[in-house]
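Presented below is the structure to which this report refers.
Please treat every number below as a calculation from the coordinates, not as lab data. None of the values given here were measured: they were computed from a predicted structure. For neighbour counting, all protein chains shown are included, and Cβ atoms are generated from backbone atoms with ideal geometry for every residue, glycine included.
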Amino acid sequence: WTDEVVLWNHFCNKDIEDETKRDPVLFLRHPNLQPRMRAVLLEWIIEVCDVYKLHRETYYLAMDYLDRYLGLTRNVPKVQLQLIGISCLLIASKVEEIYPPKVSEFAYVTDGACSEDDIIKMELIIVKTLNWKCTVITANSWLCIYIQLCYLGNARNNMELA
Amino acid sequence: MRIIDEQKPLSRASRRQSMSEIGFGRMETYTKLDKLGQGTYATVFKGKSRLTDNLVALKEIRLEHEEGAPCTAIREVSLLKELRHANIVTLHDIVHTERSLTLVFEYLDKDLKQYMDDRGNMLSMNNVKLADFGLARAKSVPTKTYSNEVVTLWYRPPDVLLGSTEYSTQIDMWGVGCIFFEMACGRPLFPGSTVDEELCLIFRVLGCPETPLPVASVSDTLLSRAPRLHQDAISLLTCFLAYEAKARVSASDGMRHIYFKSLGPEVHLLPDVASIFSVPGIQLSPDPSISKSSKNRRLSMLL
C-alpha cells in the first residue's frame, strides 16, 4: 500500500519540522500555570474521550494542539485552560473522527464552564495560532509504527528459524 | 533560557506581522468578481489580488454554522499547507472575518472536462492541478477503519460500496482508473446514481466479485467502450480496476507501467514542484487519432 522508506522518512521529517516542535520550557511563558494543571486538564480530556468513545489518536492530537498553543502564547490565565483544552479536543475530533461530537456535547461536559459560543471562538483562535498545522505525527502514530515493525521483525525471525 | 524562550516565537510572530502589513490575511486585498460555484459549505468566487493583479479563486466558507469551523475546512487547509507540488493547487492565503473564512487559491481557468475538450487547440503548456481536499486525510499507519460514505459515487471502489471501512490509499486508485477512462473517451465509466446501480454497472464490466470475468474479456469490453485507447492503456486501466483493493496497482507502480514508457525515464526524476513540461520533448499535442494516424497516439492521451 505504500513504500516503507517513503513513509518512514515522512514521519522523521515531520518530527523535526520547526513549526510543530513543542517548547520544553513551556511554563516559563505562563506564570499563572503550573505543570500540575496541565496534567489535570489532560486527565479530564481523556475522560471526555472515554465518554464520547473518541479514538486514542484524537486525544494525542488534542494534547499536541494544547502544548503547541501554550508554546506560542503568553500569560494564559488559569481560568482559560479548560476552554483551551476542550477547544483543542473539538479541533482534534474534526481532524480525526468520522463523526465528531457536536459543539454542544463538548460544552455540556464542561458543566457550564464553557459555552458553545466560547468554544467556537476559541477554536478559531487556536487554529490561527497554530497556523493551521493540524496534521502532526503524534506519539500514538509512532507507537503504531513500532508495533508493526515489531510484529514484522518477529515474523521475519520466525521464518528464519523455520 | 530566556533567549530560547523569546527568540523563535517572536521572529515568527514578527514575520506574520510583516506579511499582514503587505496585505496578506486581509479581505481588502482581494476584489471579488463572478461567482463560480456553490457547494454545501462554501461558495467559490473568481477574484483578483490587489497585491499582484493575479486572478485568484476565493473559497468563502460561512461560519454562522453552529458547529464552528467545518471539519472539511480544517482538514483541507492543514493538508494543503504541507503540500507543494506542480500538480496541486496552491493555497495563497487565508482570510478570516467575523462571519466567514476565505481560502485564497491560485485561479485555474478550466476544470478537467473543459481542459480535455480544449486540448486539441491548445498550444500552452498548462498543468493539470488537483484541488478540493475537503475530505482528505493524512497518510498514516493502516490500523484504523474509516467511514464508508466517502468518494463521489462514480469513483467509489466496489469494496467500499459493499461496506468496507478498512481502506487505505488503494481506495483512490480505483477512481484514478475511472477518471483515466473518462479522460480518454469523454464520458464516465460507471455513472451510477445509487449504490446499487453503481455496483450493477461495475458488475456488468468486471463480472461478479465471486466469479470475476477473465482479464481478456474485461479488456475487450473496455476497448469497445473506449476505442481510442491503446492496448497498453487498456492494460493499465485493468490494473486500476481490480476488485480486491490489495491487487490494485499503486500510484508509484502505475507510473512505471509500460503505457508511460514513451515519456522517457526523466519523468521519474522530476522534483515535486517541477512541471512535467519542463522535461525536454514533452508537450501537449492534438490527438493524432482524430487526424487518422494511429502512430504514437499515446503521448496525446496523457493530458
For residue B:195 and residue B:244, what does the FRET efficiency come to when R0 = 22 Å and r is the distance between their Cβ atoms, rounded to the nearest 0.05? 0.70
Label residue B:169 and residue B:221 with points 7 Å out from Cα along Cα→Cβ: what is the distance between them in nm? 2.9
Sum up the charges of everything whose Cβ sits under 14 Å from the Cβ of residue B:206, counting Lys and Arg as +1 and Asp and Glu as -1, but leave residue B:206 out. -2
Whole-Hz Karplus ³J(HN,Hα) for the range B:172-184, in order, using 6.51 cos²θ - 1.76 cosθ + 1.60 and θ = phi - 60°, x for Gly and Pro? 7, 6, 4, x, 4, x, 4, 6, 4, 4, 4, 5, 6
For residue B:283 and residue B:34, compute 0.36 nm times the residue count separating them, minus their Cα-Cα distance, and round to one decimal in nm. 86.5 nm
Report, as an integer, the average count of C-beta atoms from other chains found within 10 Å of each Cβ along B:64-71. 6
Test of understanding: express the Cα radius of gyration of the range B:29-106 as a ratio to 2.2 N^0.38 Å, with N the residue count. 1.08
Rounded if a/c under 1.5, otherwise prolate or oblate - the range B:216-269, Cα gyration tensor axes: oblate
Let me check I've understood the local charge: for residue A:60, count other residues with C-beta under 12 angstrom from its C-beta, Lys and Arg +1, Asp and Glu -1. What total comes out? -3
Percentage relative contact order, chain A, counting C-alpha pairs under 8 Å, at least six apart: 25
Quick one: longest stretch of chain A between exposed loop trypsin sites (Lys or Arg not before Pro), exposed meaning at most 16 other C-beta atoms within 10 Å and loop per DSSP? A:103-162
Proximal charge balance of residue B:159 [Cβ under 9 Å; K/R count +1, D/E count -1]: -2
May I ask you to derive the FRET efficiency for residue B:187 and residue B:66 from their Cβ-Cβ distance with R0 = 60 Å, giving the value to the nearest 0.05? 0.90
Inter-probe distance in nm under a simple model that places probes 7 Å from Cα toward Cβ, at residue B:228 and residue A:157: 5.7
